[in-house]
Amino acid sequence: MDELIGKRYGTALFEVALENNGLNEMEEDIQMVLRLMKENPQLVEVLLLPNVLLTEKKSLLTEAFSGKINQNLMGLLLLTLDKSRQSHLQKILEYALAAISEERGILTAYITSAAELTMEEKAQLKAQLSQQTGKQIELDCKIDRSLIGGMIIRIKDQILDHTIKGELHNIAKELYAVKISD
């Protein structure tokens, strides 16, 4: 659900910026909002509290961002409150940023690996993914030791699981599917 809402609202925000030739301004404004949300988690908490009135939440956002960000982004922030979508705000803004990057020929590959990738491995992975997609690739790497070995690569809506954990899971599924006859 989070992905669907992020995609729908993020795409709308991107399209408005594209129509108004304001991709650069929108990108800067979105990054500022995300940075402020990260630096002030209490702001996000207040937006999520059910006992805080909608008018108070709107006043808080207006006070924080009015005159600092473009009107379309401000409108989206207020719309998320009206539609009770504020819990999806970060995903919406991240999706809009990804759409702006893609418009410029840049894709982000989200890499989850069992161990830290070396600079050489990252460069090799970027080159390989760039060749496959025909786009410039940026890597967003994180570590998950529970994967045992290998990595998961996510680009847009495509996920490639090249982990030992994933392979073991696939083998287990195949074994369960085997029928032994008498």
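The values are calculated or read from the model by the stated rules, or taken from the named source; none is laboratory data. Keep in mind it's a predicted model, so treat the numbers as computed, not measured. Here the Cβ positions follow ideal geometry from the backbone for every residue, glycine too, while neighbour counts run over all protein chains shown.
Numerical summary
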item	result
Selection status of Lys122, at pLDDT 90 or above, under 26 Å from Arg8 (Cα atoms), basic (Lys, Arg) and out of contact with any His (no Cβ under 6 Å at 6 or more places or on another chain)	no
Residue in the stretch 98-109 that is touching a helix residue (DSSP H, G or I) at 6+ places or on another chain (Cβ under 7 Å), buried (at least 17 other Cβ atoms within 10 Å of the Cβ) and over 30 Å from Ile148 (Cβ atoms) present	yes
Evaluation of Leu125 against (1) under 27 Å from Leu4 (Cα atoms); (2) more than 17 Å from the chain's Cα centre (by Cα); (3) buried (at least 18 other Cβ atoms within 10 Å of the Cβ) (one fails), failing number	(1)
Close pairs (7 angstrom Cβ cut-off, 6 or more residues apart or separate chains): within 16 Å of His88 (Cβ to Cβ) in the stretch 37-60, of a type in the set (Gly, Ala, Ser) anywhere	Leu43/Ala64; Leu48/Ser87
Which listed residue is loosely packed, with under 13 Cβ neighbours inside 10 Å and either in contact with a helix residue (DSSP H, G or I) (Cβ under 7 Å, 6 or more places away or on another chain) or within 30 Å of Thr163 (Cα to Cα) (or both), from Glu63, Glu120	Glu120
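Residue-by-condition table, conditions (1) assigned to a strand (DSSP E or B); (2) in contact (Cβ under 8 Å) with a residue 60 or more places away in the chain; (3) touching a strand residue (DSSP E or B) at 6+ places or on another chain (Cβ under 9 Å):
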position	(1), (2), (3)
Leu76	no, yes, no
Ala98	no, yes, yes
Thr108	yes, no, yes
Ala115	no, no, yes
Ile137	yes, no, yes
Ile152	yes, no, yes
